[in-house]
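Right, one structure below, let's go through it.
The values are calculated or read from the model by the stated rules, or taken from the named source; none is laboratory data. Bear in mind that the values here come from a model prediction, so they are computed numbers and not experimental data. Because the Cβ atoms are built from the backbone with ideal geometry, glycine has one as well, and the counts that use them run over all protein chains shown.
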Amino acid sequence: MQGNLTRTFASLASFASFAKAAAIVATGLLVSGHSMGQLGAMMNPGLVGRDQTEAIRINDAIFQATGFGNTTMVATPAGNVIVDTSLIVNAARHKRLLQAEDDGPVKYIILTHAHGDHIGGVNAWREEDTEIIAQDEHYEFVNYQNRLKGLFSQRNAAQFPSLNVVQLSELEIAEGVDNFGAEIVPTIMFEEEYNFELGGVEFNVLHTPGETYDHLSVWVPKYRAAFVGDNFYTSFPNMYTLRGTKPRWALDYVDSINRILALEPEILIPSHGDAIIGEQQIQRELTRYRDAILYVHDKTVLGMNQGKDVHTLMAEISLPSDLDIGEGYGRISWSVRGIYESYMGWFDGNPTSMFSTPVDEAYPQLVELAGGAEAVAMLAEAQIESGDFELALHSADIALSAEPQSVRALQARLAAFNALLAASDNSNEIGWLSFGVRESQAALDAALVP
């Protein structure tokens, strides 16, 4: 997994890498390993794969266009099947690349799940008699996303400002909650399995929850090819995503991966990253991936039963070297917290947590006792000097709770974010650290205005 993997982990880190480099430049540190042209290309996830000039030929019938979410086509004598449609900004390019290989009618579009980098290009591909296939949970999932579209637009705009996410106006928010107002695009929905044949090629569409409840995989027995959407990629999975998500159950991932392993595929096609060719390699990589997820789940549950709190487990749990599949996209610590809180909810067993008064309402009086925001900001500076950047963020936030325009506290907060950003190699973390940098810089600029 080399060429397309490089392109796709530009997809996973695209904006984040640019924002990280920009922040490093801003703090006077050296940027190495990237030309300015490369950094510019990374700025917008929608531009990933733009230099692809021809579709990747996985075999004589299966072709792929890359981007922030791949689009894959299975060509048959009676027409074509499209698996996932990427972001809307990629759709025209992907269609051009794939139809250069086979411009037959699009008979089916199969959506592995309802995230925007998989369903964004549906309208570009849909023809008059095209069937669109999704799993039954698609209905609730798209309604869930629509129900919280105001919050999700804020979170996505924070993490990916270059995508120019349109946030809801106050007027739109004031119109109230629309619980079941999402457009339902699929024409065929199924519970556990849906099978069809096209041009002598059999397709088995299987419910494989993991990344989402509506997640499905596609098995094409003729080519021994399994399309696994986002249930596999070359990083520990995003079992909790920072923009917010319903629980992603670790044991669902495990069961779904086992279902794919039992098929003994010779071609494995994820929606992010290269196809893997060869049964033995697929068995090796999928087994390792499954075992890494199960290890983190079981260690978390063991720690919970031992009475350990979530932050202790976040700090303690790491993968052994033989299961270390990297953390370029998902973070093990986030997954630990996701598992813990999915099982137990928000209450941490401390009776003080039962009430509506948040802990930070106590901070201003504590800051006053400590000698004021300046004194607490000095503590944050000392923590930065000693490399305790996360602790420094907390100290700066405590100081700012008492004096929101404290220049010294804002400077400490900005410095801590930049230091964490310079050290990060996780694309989601980089996106949010970059948001922290922008937010802190804007507040500092405002505080410095006479």
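Things worth noting here:
- Subset of the range 324-351 [modelled with pLDDT of 95 or more, among the aromatic types (Phe, Trp, Tyr), more than 9 Å from residue 240 (Cα to Cα) and surrounded by 15 or more Cβ atoms within 10 Å (Cβ to Cβ)]: 340
- Scanning the range 81-113 for residues that are in contact (Cβ under 8 Å) with a residue 60 or more places away in the chain and buried (at least 24 other Cβ atoms within 10 Å of the Cβ) gives 81, 83, 84, 110, 111, 112, 113.
- Hits in the range 305-327 - residues which are over 14 Å from residue 348 (Cα atoms), free of Cβ contacts under 8 Å to residues at least 60 places away in the same chain and of a type outside the set (S, T, N, Q): 314, 315, 316, 317, 320, 322, 323, 324
- Restricting the range 356-378 to residues that are hydrophobic (A, V, I, L, M, F, W, C), surrounded by fewer than 19 Cβ atoms within 10 Å (Cβ to Cβ) and more than 32 Å from the chain's Cα centre (by Cα), the residue that is nearest to residue 413 (Cα to Cα) is 378.
- Restricting attention to the range 251-277 and to residues that are touching a Leu at 6+ places or on another chain (Cβ under 7 Å) and in a helix (DSSP H, G or I), the residue that is farthest from residue 142 (Cα to Cα) turns out to be 261.
- Filtered residues of the range 251-293 (kept if among the polar types (S, T, N, Q) and surrounded by fewer than 22 Cβ atoms within 10 Å (Cβ to Cβ)): 258, 280, 281, 283, 287
- Residue in the range 73-129 that is nearest to residue 238 (Cα to Cα), counting only those that are touching a helix residue (DSSP H, G or I) at 6+ places or on another chain (Cβ under 9 Å) and hydroxyl-bearing (Ser, Thr, Tyr): 112
- Of the helices (runs of 4 or more DSSP H) lying entirely inside the range 353-413, the ones with 2 or more residues being farther than 18 Å from residue 436 by Cα are found at 363-370, 373-385.
- Residues satisfying the stated conditions in the range 117-161, i.e. part of a helix (DSSP H, G or I), of a type outside the set (A, V, I, L, M, F, W, C) and closer than 15 Å to residue 88 by Cα: 117, 118, 123
- Among the residues of the range 356-374, the ones that are hydroxyl-bearing (Ser, Thr, Tyr) and out of contact with any helix residue (DSSP H, G or I) (no Cβ under 7 Å at 6 or more places or on another chain) come to 2 in all.
- Selection of first residues in the range 114-142 that are under 20 Å from residue 48 (Cα atoms) and outside the structural domain of residue 191 (by TED's automatic domain parsing) and of second residues that are of a type in the set (Val, Ile, Thr) and assigned to a loop (DSSP other than H, G, I, E, B), restricted to Cβ pairs under 7 Å at least 6 apart or on distinct chains, gives an empty result.
- For residue 203, the criteria (1) buried (at least 16 other Cβ atoms within 10 Å of the Cβ); (2) touching a helix residue (DSSP H, G or I) at 6+ places or on another chain (Cβ under 7 Å); (3) outside any loop (DSSP other than H, G, I, E, B); (4) of a type outside the set (Val, Ile, Thr) hold in every case but one, which is (2).
- Conditions (1) in contact (Cβ under 8 Å) with a residue 12 or more places away in the chain; (2) more than 23 Å from residue 329 (Cα to Cα); (3) of a type outside the set (Gly, Ala, Ser); (4) not in a strand (DSSP E or B); number of the one not met by residue 280: (1)
- The lone criterion from (1) modelled with pLDDT of 95 or more; (2) assigned by TED's automatic domain parsing to the domain that holds residue 216; (3) more than 23 Å from residue 204 (Cβ to Cβ) left unmet by residue 245 is number (1).
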